[in-house]
Amino acid sequence: MNTIKNITLVQFRNYSSGSFAFAEPITCITGPNGSGKTNLLDAVYYLCYTKSYFSSYQQNSVQKGMDGFRVQGTFDHKGYDEIIACKWKQGKKELSADGTEYEKLTDHIGRYAAVMIAPDDMELINDGSELRRKWVDSILSQTDREYLERLMRYQRVLLQRNAWLKLHYLNPPSNSPELEYYNSQLVGDGTYIYQKRLEFIDKFIPLLREYYKQLSSDKEQIQVAYESNLTEKPLAQWLEQSFQNDLRVQRTMRGIHRDDWTFILNDISLKSFGSQGQKKSFLFAMKLAQYTYLNNVQGHKPILLLDDIFEKLDQNRMEALLRIIRGDGFGQVILTDTHAGRVVEAFGGREGIGFIEL
Ligand SMILES: Nc1ncnc2c1ncn2[C@@H]1O[C@H](COP(=O)(O)OP(=O)(O)OP(=O)(O)O)[C@@H](O)[C@H]1O
Ligand SMILES: [Mg+2]
C-alpha cells in the first residue's frame, strides 16, 4: 500500500508555509471555501506525479508574487519511510528521494500512485477527445515505462513532421529521407501505443462495469468503444494515403493522436444522451476502475484523493461509494469537505478518520 504520512508546503498556492499530518485510512480536510483544501490535495498529487492535477501551467502552483515553491512529504514505501521533495524555482524543477536528486523526473512516475476525483472531472465525459487521451495516457504512462517514452517521442516526431509539411507544402521534394524517417518513427511508436491502448481497454471494461453496477441501481449495459484510425488499416498505409491531404492542411491528419473513446450506455452515447445521474455514476466508476487497474498492475494501492464529493453525490451513490472505498480493495483516502459534521455523519462516526482543519 502507498501512503503519505505528512507534507510540508512552502510558497505553494495559498500556503506561505505549513505542515500537515495525514491519518490512515482516512483523512478529512475541512475548512471554509477558499481556505486551501483543494490546494492541499493537489500538493499530495504533485509529489506523486511532479505536476498539478488541476493546472498544466506550472507557474500557477507558485504563491503569487514569489518565484518558486517547495513541497516535501514523507511516504511509506514498502514499509520504509521515504522523503520526496519537489522544488520549483524560476522555471526549473528538482525532485529528490531521501535527498538524492532524480536525474530524470520521469523515473519517479509510477513509484507513488494517486487517483483524484474532483468536481470538474465531468469534462472527461463531456469534452473533446484530448482529455480522454490524456487520461488514458496518464494511466498507461505510469504502468509502462516504454509507453511513456514512446509517447513522448511520438509527440516530438509529430511536431517535426508537421513542421516539415508546413515548410514543403507548396513544393514537396519527391524524395525526402527526413520525411521517411519521421514516418517510420511514427509507425513504430504509434503501433505500439495503439496495441497498448487496445489491451488497456480490454482489461478496464470489466472493472468499469462492476463499479457502475455497484454505484447505480439501474441495470444499464455499459460499453466503451475505442476509436482509432489504426483499427481500419496500419499507420504506414494511412501516412502514405493521406500524404497529399496532410500537405494541403499542413499537418498530420491520421494517427493515434486522433484516437478517442466513446462511452456507451444501453447502445447510445452517454455524452449525448446520458442523464446527469448516469454520467456521475459513470465518472465515479471510471475513477474507481482506474484505481483498481493501477493496483492490479503496480501491486500497491494508490492514494485516493476525493475533492468535494459530498457536494456532488446523492445519498444512494454516496453510500455505495463509501462502502466501496472502505472495502479491502482500497487504501488511504484523503478527502475534502466544508463541513466536518457531514463527513462524520456519512462515515457513521469519527472512528478511523483524522481531521485537518484549515
Ligand atoms: N498561486 C497562488 N498564490 C496564492 N494564492 C492562491 C494561488 N492559487 C490559488 N490561490 C488561492 O487559494 C485559495 C483557493 O484554495 P482552494 O481552491 O484550495 O480552496 P478550497 O478550500 O478548496 O475552497 P472550496 O471550498 O471553495 O473548494 C483561493 O483563495 C485562491 O485565491
Ligand atoms: Mg476546493
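The values are calculated or read from the model by the stated rules, or taken from the named source; none is laboratory data. Keep in mind that what you see is a predicted model, and the values were worked out from it rather than measured. Using ideal geometry, Cβ is built from the backbone for each residue, glycine included, and neighbour counts are taken over all protein chains shown. These area figures cover heavy atoms from the full protein model, side chains too; ligands, DNA and RNA do not enter into them. Shrake-Rupley method; radii C 1.70, N 1.55, O 1.52, S 1.80 Å.
Below, the figures for the structure above:
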{"item": "Residues that are in contact (Cβ under 8 Å) with a residue 24 or more places away in the chain, more than 7 Å from ligand 1 (Cβ to nearest atom) and over 18 Å from G354 (Cβ atoms), drawn from the stretch 9-31", "result": "V10, Q11, F12, Y15, S16"}
{"item": "Breaking point among (1) in contact with a Leu (Cβ under 6 Å, 6 or more places away or on another chain); (2) of a type in the set (S, T, Y); (3) under 26 Å from L131 (Cα atoms), for S56", "result": "(1)"}
{"item": "Complete set of residues in the stretch 32-53 that are within 9 Å of ligand 2 (Cβ to nearest atom) and touching a residue at least 40 places away in the same chain (Cβ under 8 Å)", "result": "N33, S35, G36, K37, T38, L41"}
{"item": "Lone qualifier among I303, I334, I309, I264 - being modelled with pLDDT of 95 or more, within 16 Å of ligand 1 (Cβ to nearest atom) and either touching a helix residue (DSSP H, G or I) at 6+ places or on another chain (Cβ under 9 Å) or of a type in the set (K, R) (or both)", "result": "I334"}
{"item": "Which numbered condition N60 misses (of (1) open to solvent by less than 60 Å² (accessible area, probe 1.4 Å); (2) within 16 Å of ligand 2 (Cβ to nearest atom))", "result": "(1)"}
{"item": "Residues of the stretch 39-86 satisfying the condition of being farther than 24 Å from L358 by Cα and of a type in the set (D, E)", "result": "D67, D76, D81, E82"}
{"item": "Selection from the stretch 104-135 of residues that are of a type in the set (G, A, S) and surrounded by fewer than 14 Cβ atoms within 10 Å (Cβ to Cβ)", "result": "G128"}
{"item": "The stretch 16-31, residues that are modelled with pLDDT of 95 or more, open to solvent by 30 Å² or more (accessible area, probe 1.4 Å) and more than 16 Å from ligand 2 (Cβ to nearest atom)", "result": "S16, S17, S19, A21"}
{"item": "Odd one out for L335, checked against (1) open to solvent by 40 Å² or more (accessible area, probe 1.4 Å); (2) assigned to a strand (DSSP E or B)", "result": "(1)"}
{"item": "Residue pairs meeting the criteria (Cβ under 8 Å; at least 6 apart or on separate chains; first open to solvent by 70 Å² or more (accessible area, probe 1.4 Å), in the stretch 75-103; second of a type in the set (D, E))", "result": "K87/E94; K89/D67; Q90/D67; D98/E82; E101/E94"}
{"item": "Unmet criterion (only one of (1) outside the structural domain of E351 (by TED's automatic domain parsing); (2) in contact with a helix residue (DSSP H, G or I) (Cβ under 7 Å, 6 or more places away or on another chain)) for Y291", "result": "(2)"}
{"item": "One residue from T338, T252 being within 16 Å of ligand 2 (Cβ to nearest atom) and either touching a Leu at 6+ places or on another chain (Cβ under 7 Å) or on the phi < 0 side of the Ramachandran plot (or both)", "result": "T338"}
